[in-house]
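Okay, so here's the structure we're looking at.
The values are calculated or read from the model by the stated rules, or taken from the named source; none is laboratory data. Predicted model only: the values in this text are computed from it and were never measured. Here the Cβ positions follow ideal geometry from the backbone for every residue, glycine too, while neighbour counts run over all protein chains shown. SASA here: full protein model, heavy atoms, side chains in, ligands and nucleic acids out. Shrake-Rupley method; radii C 1.70, N 1.55, O 1.52, S 1.80 Å.
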Amino acid sequence: RIPDVYPPDGTLGGEVRATLAQGEFESASFELFAFEDMDKVELKMSDLKGPGGTLAADLRVVKTWFQNGNGWVSYFDDVGLKLTPELLLHDENLIEVDLEQAANYARVMKDGKATKVWISAPKGLDANTFDPYDPGFRDADVIQPVKLAKNAFKQFFLTFHAAKNQKPGVYRGMIAVKAGGKELASIPVAACVLPFELPMPRGYQNYDQLYFYSCMGSMPDRDQLVLRCGNDTARGEACFRNWLQSLYDHSVFHGVHVGPGNVECLPLLKEIGFPLNPLSGSLMVPWFGLNFGGRMSFQQLMSAKDGAEKCKAFYDKYVPGAQILVGHGDEQGTAFVTAHREFFKYYNEKGIRIGCAGHDALMIKGGYAYGYYPMGGYPNTLEKARPWHEINGKPVGFYASQHNGSENPQFVRYQHGLLGYLSGLTMTFNYEFATGSYNGGWSDLANELYKPMVITHANGDGLMETLAYAGFREGCDDIRYATYLKGLCREACA
């Protein structure tokens, strides 16, 4: 939604509605239109009251800012910038948009004073280098007053959250819109909580197989966050916890990685509620190269065998019974696959699945040896996924067609949700999430060939809310609703 487009699917003066299961997050949206310029317009939401007391809800403003010319539709770079709705903020003034200069600025507070930092500088131009982990760059905890421009729409995003034990029924409340002590509008809100929780996602063609819902680059490194937060351990650890909680709250249930370097985070993952089965892990074997063929030496094979034994012992100790998925390589060619098949057997014997993102070489030269496969292709490429399904029902996902980077939440939702699910995929594992060399994707001009391939953005408080991030959550929840329905069908048939 952009400021100069009337919402043809909206209802003038209508009720803001949503339906959600117990434990679910679900969003709804509305827009305000002003007939004159208005400053410091306040939105105050009453408690949402219903059969079980109150229902939690979070109100944010949709920030329209300048993004790459391909914003909304692609991850490829393009010339110029255009206004694109993306960020979901409590304080719209965290980002200032200069319409005349087509530029974005971050508000950074220091000693009680606000400074503007240019965050849309082209690659190679380090003008006022922006650090999103600066402690002065943070959003407010609740929605702040907004500005309404004459003859323009402003969009708001309301996200409901039902507790897992929330009593079913309809919860109602109001949003009062005021300016200068005068009430401008009263917006009715209603949310219906359903009498069940959503299950973990499962496959469409194979209901007995759990659906692996994740994204490459979603797991943060605690030590790196502490470093980015100026070596402030307390702040870095808070950022780490908030990041993980955000993953869980957005249904990225398999987005965590556990290995010898971060095993101390296991209690926190369990506390938050991550299922930890299946779980991404570490291979614990050296990188042998052999990208251009050759055979492994006896010593290399013995090193791989030792690595498999260490890997098995480690995960049996810390997450007994979990299915472990480990990655090795990226888009490797036929020579690499052929050279590495010999050591994969040691891991297969231990029940540890080795996977690699890539193309046809993996199936042609090593399909029987790999344990999961994020294929380079579209999520509905049926013939490319079919042979992998026929080899022991291995988890199959997709990436690259297309990569993340589109701000369009409905596209993100469909691509990572029902499109792949109904095509028989059992894994969502696209590239990339929020990391990268370009400050978590804050500047859309940081690269040349690609814009930042991100779903969300990181700062010192963890992960920011965006439209695409909400769409990613909806993609998983669509699969969970389908899983619940299919489970009811199976019960009825039985």
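Close amide H partners of Thr19, meaning residues 5 or more places away or on another chain with modelled amide H under 5 Å apart, are Cys192. For segment 382-461, the relative contact order works out to 31 percent when only alpha carbon pairs closer than 8 Å and six or more residues apart are counted. I'd like the orientation of helix 467-493 relative to the chain: the angle between its Cα long axis and the longest Cα principal axis, in ° from 0 to 90, rounded to 10. Taking the Cα atoms of the chain, the angle to 467-493 is about 60 degrees.
Note that segment 417-433 has calculated 3J(HN,Hα) couplings of x, 5, 4, x, 4, 6, 8, x, 5, 10, 7, 10, 8, 7, 10, 9, 10 Hz, one per residue in order, obtained from phi through the Karplus relation 6.51 cos²θ - 1.76 cosθ + 1.60 (θ = phi - 60°); glycine and proline are x.
Which whole number of Å³ per residue matches the convex hull of the alpha-carbon atoms in the chain? Kindly include the intermediate steps, with their values, before the conclusion.
Numbers: hull volume 84.4 nm³, N = 494.
Normalising the Cα hull of the chain by residue number yields 171 Å³.
Taking the centroid of alpha carbons for each part, segment 282-308 and segment 324-356 are 10 Å apart. The packing ranking, built from the mean of other Cβ atoms within 10 Å per residue, places the peptides 292-304, 235-247 in the order 235-247, 292-304, highest first.
Under 30 Å of direct C-alpha separation, and excluding same-chain neighbours fewer than eight residues apart, Lys164 reaches these lysines: Lys44, Lys49, Lys270, Lys486.
Just need the relative contact order of the chain here, percent rounded to a whole number, with Cα pairs under 8 Å and 6+ apart.
Values: 1102 pairs, mean separation 92.4, N = 494.
About 19 percent, as a whole number.
Using a probe of 1.4 angstrom and keeping all protein chains present, the accessible surface of the chain works out to 45 square angstrom per residue.
Mean sequence separation of contacting Cα pairs (under 8 Å, at least six apart), scaled by the length of segment 202-284, corresponds to a relative contact order of 27 percent.
Thr64 sits with roughly 30 Å² accessible to a 1.4 Å probe, with DNA, RNA and ligands left out of the calculation.
Hey, if we sort Lys44, Lys345 by accessible area with the 1.4 Å probe, largest down, what's the order? Mind showing how you got there, number by number?
Values: Lys44 120, Lys345 100 Å².
Correct descending sequence by accessible area is Lys44, Lys345.
Apolar share of the accessible surface for the chain: 52 percent from carbon plus sulfur atoms, 1.4 Å probe.
Helix 334-349 and the longest principal axis of the Cα set of the chain meet at an angle near 80°. Only protein heavy atoms count here; under a 1.4 Å probe, Val337 has an accessible surface of about 0 Å². Heavy-atom accessible surface of His359, to the nearest 10 Å², is about 90 Å², with a 1.4 Å probe and all protein chains retained. Within a straight-line Cα-Cα reach of under 19 Å, Lys312 can be paired with the following aspartates and glutamates, leaving aside sequence neighbours fewer than 8 residues apart in one chain: Glu264, Glu342, Glu349. Residue order by solvent-accessible surface for Asp330, Asp444, Asp111, Asp232 is Asp111, Asp330, Asp232, Asp444, largest first, with ligands and nucleic acids left out and a 1.4 Å probe.
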